[in-house]
Amino acid sequence: MSNTNHSDGIKHDRLRGDLMSVHIFVLNEKNFDVCIRRGIAGIPNHEKDQYNDALISRMAPIRKGDYILFYIMDVKELRGIYRVLDKPFFDTTPVWESQDPNRVYPFRVRIENSDYVFENPIKLNDVYDLKDNGLMWTFSLQRPGGASNTLFSITNDEFQHLFRLFLKLNPVLTPPRPIREPYPYHEPNLLSQLHLNSNHNPKYEYSVMALLLSEFTEGRFKGIFGEYDDFLGYIPTSFGREMDALLITHNPLNKDEVIAYNIVEVKRDRFDEDGLVQLLQYEDWFLRKKVNGDFNMVRATAIAQSFSDKVVDYVEKRKQYEGKGIKLLVFSNSEHGFELTPIARP
């Protein structure tokens with residue numbers, strides 16, 4: 001089979017209109033060997049509830065059929081490609097070796113071989129070459145402040161560049177080694193580990209993020225956001241901050257062409273002027289760095305439980321005088337699920 005046919009195959013999901021996300025786990029060689037032997041990937045827990053919800057929000061965007069890559073820290077290599085078998089789950093059964101008995105990597109997802117498990121990996125230097133050429137921009141091994149990433153997502157468009165590079169490095173495809181000890185199915189109970197108040201209200205901003213990103217995996221809220229076909233959370237910027245979420249819409253007649261980005265900023269309680277300044281900074285950065293100043297390609301959304309009068313007033317005046325809108329959405333969570341509602345205008 002030619003390389004062209006391989007490339008067409010990897011795009012088939014998106015041509016069907018299915019959501020297909022791409023996630024990269026960061027780990028060492030020893031743990032990677034366990035992952036491919038057992039058909040499972042995971043990230044560690046934390047002793048603080050808030051940061052456990054943060055880790056859950058990293059896993060929440062993963063859904064069945066998504067692609068999985070592994071970055072091996074010891075040798076600075078990117079390996080893959082694997083596919084997700086079912087939704088993430090919480091499980092404390094020991095799988096990976098750890099010097100800390102309380103560190104069991106309980107946030108997990110089962111994986112299987114894809115049709116493209118490449119023998120030759122991509123070196124980190126090659127990834128940085130793609131970044132230098134403007135072809136990779138969400139690949140980030142570190143978070144703002146210097147903390148290491150254990151799991152992050154990249155856009156479908158960036159994944160296509162990695163896939164082409166994998167093909168160049170692997171002109172002959174060999175059958176992958178089978179998953180020798182497949183991990184048993186587990187109920188998708190990941191969100192049950194989130195910290196909610198007695199009235200189901202999310203306790204932390206990370207809790208809101210986990211609920212929101214999980215809804216995006218189901219393609220929800222298109223009546224609000226439009227026909228997005230890719231999304232990711234925690235997007236790095238060049239000024240040391242992360243956008244909360246980004247929705248991407250491609251041209252339905254040309255899946256290589258992006259027609260819109262929607263920048264989403266989330267607050268657990270009240271969205272005030274500081275949050276607005278943050279959102280506008282992201283918008284300005286995106287206009288300058290990603291879309292060459294094309295305002296029609298960039299949309300902005302604020303999500304919270306309430307909004308200050310100054311925020312509402314600014315958004316209304318900006319729409320009136322500049323013709324640039326910002327969606328203000330109120331979230332709610334109950335036993336019936338997570339919902340978004342545009343704020344009521346006076």
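The values are calculated or read from the model by the stated rules, or taken from the named source; none is laboratory data. In this text, all values refer to a predicted model and were calculated from it rather than measured experimentally. Glycine gets a Cβ as well: all are built from the backbone with ideal geometry, and neighbour counts include every protein chain shown.
Within the range 127-162, which residues are of a type in the set (Phe, Trp, Tyr), closer than 21 Å to Asp74 by Cα, outside any strand (DSSP E or B) and in contact (Cβ under 8 Å) with a residue 12 or more places away in the chain?
Phe139
It is to be established whether one or more residues within the range 160-182 are hydroxyl-bearing (Ser, Thr, Tyr), within 20 Å of Leu27 (Cα to Cα) and either in contact with a strand residue (DSSP E or B) (Cβ under 9 Å, 6 or more places away or on another chain) or loosely packed, with under 15 Cβ neighbours inside 10 Å (or both).
Among the residues of the range 160-182, not one is hydroxyl-bearing (Ser, Thr, Tyr), within 20 Å of Leu27 (Cα to Cα) and either in contact with a strand residue (DSSP E or B) (Cβ under 9 Å, 6 or more places away or on another chain) or loosely packed, with under 15 Cβ neighbours inside 10 Å (or both), which makes the answer no.
In the range 56-67, is there at least one residue being touching a Phe, Trp or Tyr at 6+ places or on another chain (Cβ under 9 Å), in a loop (DSSP other than H, G, I, E, B) and of a type in the set (Asp, Glu)?
No, that holds for no residue.
Per-residue answers, yes or no, for (1) assigned to a helix (DSSP H, G or I); (2) farther than 26 Å from Arg58 by Cβ; (3) at pLDDT below 95; (4) of a type in the set (Ser, Thr, Tyr):
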| residue | (1), (2), (3), (4) |
| --- | --- |
| Ala245 | no, no, no, no |
| Ile248 | no, no, no, no |
| Asp256 | no, yes, yes, no |
| Ile263 | no, no, no, no |
| Arg288 | yes, yes, yes, no |
| Asn296 | yes, yes, yes, no |
| Thr301 | no, no, no, yes |
| Val311 | yes, yes, no, no |
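Test Arg220 against the stated conditions and say whether it is basic (Lys, Arg), surrounded by fewer than 16 Cβ atoms within 10 Å (Cβ to Cβ) and either touching a Ser or Thr at 6+ places or on another chain (Cβ under 9 Å) or not in a helix (DSSP H, G or I) (or both).
Judged against the criteria, Arg220 is not a match.
How about the range 223-245: which of its residues are touching a residue at least 60 places away in the same chain (Cβ under 8 Å), closer than 23 Å to Phe152 by Cβ and surrounded by 13 or more Cβ atoms within 10 Å (Cβ to Cβ)?
Answer for the range 223-245, where residues must be touching a residue at least 60 places away in the same chain (Cβ under 8 Å), closer than 23 Å to Phe152 by Cβ and surrounded by 13 or more Cβ atoms within 10 Å (Cβ to Cβ): Phe225, Asp229, Asp230, Phe231, Leu232, Gly233, Tyr234, Ile235, Pro236, Arg241, Glu242.
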